[in-house]
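Below you'll find the structure, written out as structure tokens, and then a few comments.
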Amino acid sequence: MKRSFVIACATLPIATGVACAASEDGDPSIAPHSPSVVEAADAATREAAVDADAAPPTCSPAGWCITSLPDADLVMKDIWPVPGHAFALAESPTLGVRVLEWEDTSATWKYIDDNTQNEPGYGQYLGRIWSPGENEIYFGIAPGTIYHGVRAQPPATGWSWTRDRLPDNGTNVEDGYPIYRNLTSIGETQLFELSSRYPALGVWGTSSDDVYAWYADTIYHWVSDDGGAPSWVAEYVAADRDDPSERLYVLGAAGTNRDDVWFSIARESYSIFTELSSCAILMRKTPAGYDRIADGVISANTCRDKAGFLRLGDGGWLTDLQAVAGNRFVGLRGARDVVEISVEGDTYSVTVAPVPAKAADVPFSSLWAAPEEQVWLAGRSVVVRGADVGDGGAYQISTTSLNGGVLNKPAYERPLYHVRGTSNTDLWVIGDRYALHKTTP
């Protein structure tokens, strides 16, 4: 396939102010009334009585509302919303791994798992969750296992569960849970920040009958090779190391239909004293097979060009890959940059747009692109909203705390792991003991 590449970089301005509720101006034809001392005292008394009786707020000024979790010590690790519902994975020091469902109609979370995921040998870490609709979900759990849940149809109730161990590809458990190291800068010195581990284990599909999974360096497809019962079949192994110190990890998938599926892969060096960088790899699967679109060469704390391939910036993993309208894809690179990949025939172009540090002085853990052409990012205690990213755009903090500030008060000093939704009026951000739901524009 003849391919051409176009690369562009954009520096995005930022609006850091938080929007406040608009106040109404009085009618200028009416003279203002100056209350007497007695009237002012009566008003103050009434206001104090109202405040004393008022329930504490449950939503932030930006519309992020607390939802009540069934147990207080749940660490919400991943979420996949569908219209009217949301499915989540959580960990608890007392309950182990739990799978939850949110229903808009009842406005409640409830457990839907069968607890087999807490049997001995399971649960060293969680992978990703995915749902094709309200009656079916998949999720990954170590060691290299994919769970499939199906809702019983009325009059029956509850969920039925099956689990399948992905075929052994010589993978150690730790290979599916690598350390995500982000390149940061102090002055002119570039350093790697050792951050939390990232699961190279998950599942995604274009529909209920076209589902993929990944684990460490391998992409699997739920298919039947011989006309019998389907199983997880290894379709692609990312094994082309440029150096013995390198490891390759599959991080996510996205697409628009079963004939056009994309995968994000990280090329990472484990020689931390000499090669402190990584390169983002982008694979595209069409009926013709797997084609590598982007790659790079790890060299001297950066990612350099590799002949014949697009390069997605100077280094860092590409996470939260997502298909958006117009044959475009958006992802989060290096926990800081918004990357947009566009396809026009055999021509691929990429725009790398760094989010300025003043937007939020933290690396971002998650990105979600809304159908309304807006981008949401979540990091340590901060949610940021971006508009018109491809055209330069602007960002502002979307306050999640009840007192109008960012989520950084002592009671809220817990990480936010994911932001994801179905639209700008059905949006979730989750973290340590929190699941916040936004249903306002």
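Under 5 Å between amide H atoms, partner at least 5 residues away or on a different chain: which partners does Gly205 have, H built in plane at 1.01 Å?
Those qualifying (amide H under 5 Å, at least 5 residues apart or on another chain) are Tyr212.
Please work out how much accessible surface Glu373 shows to a 1.4 Å probe, ignoring ligands, DNA and RNA, in Å² rounded to 10.
The accessible area comes out at roughly 100 Å².
Under 5 Å between amide hydrogens, which residues at least 5 positions from Tyr417 or on another chain qualify, with H placed 1.01 Å from N in the peptide plane?
When sequence neighbours closer than 5 places are left aside, the close amide H contacts are Ile430, Gly431, Asp432.
Residue by residue, what Karplus-based ³J(HN,Hα) values in Hz, rounded to whole numbers, does the range 226-243 have, using 6.51, -1.76 and 1.60 with θ = phi - 60° and x for Gly and Pro?
10, x, x, 5, x, 8, 7, 10, 5, 9, 8, 10, 8, 10, 8, 7, 7, 8
Could you list which residues have their amide H under 5 Å from that of Tyr180, counting only those 5 or more apart in sequence or on another chain, with H placed in the peptide plane?
For Tyr180, the qualifying residues are Ser195, Arg197, Tyr198.
What translational diffusion coefficient, to the nearest whole µm²/s, does the range 279-372 have by Stokes-Einstein, given a Kirkwood radius computed over alpha-carbon pairs, a temperature of 20 °C and 1.002 mPa s viscosity?
152
Residue by residue, what Karplus-based ³J(HN,Hα) values in Hz, rounded to whole numbers, does the range 66-81 have, using 6.51, -1.76 and 1.60 with θ = phi - 60° and x for Gly and Pro?
Residue by residue, the range 66-81 yields 5, 10, 7, 7, x, 9, 6, 9, 6, 9, 7, 9, 7, 8, 9, x Hz.
So how do Phe309, Phe263 rank on accessible area, 1.4 Å probe, biggest first, that is with the largest at the start?
Details: Phe309 60, Phe263 0 Å².
Ranked list, largest accessible area first: Phe309, Phe263.
Can you list the HN-Hα couplings for the range 101-108, worked out from phi with the Karplus curve (6.51, -1.76, 1.60; θ = phi - 60°), rounded to whole Hz and with x for Gly and Pro?
10, 9, 10, 4, 5, 9, 6, 9
The values are calculated or read from the model by the stated rules, or taken from the named source; none is laboratory data. Not measured: the values here are computed from a predicted model. All accessible areas refer to the heavy atoms of the entire protein, side chains included, with ligands and DNA or RNA removed. Shrake-Rupley method; radii C 1.70, N 1.55, O 1.52, S 1.80 Å.
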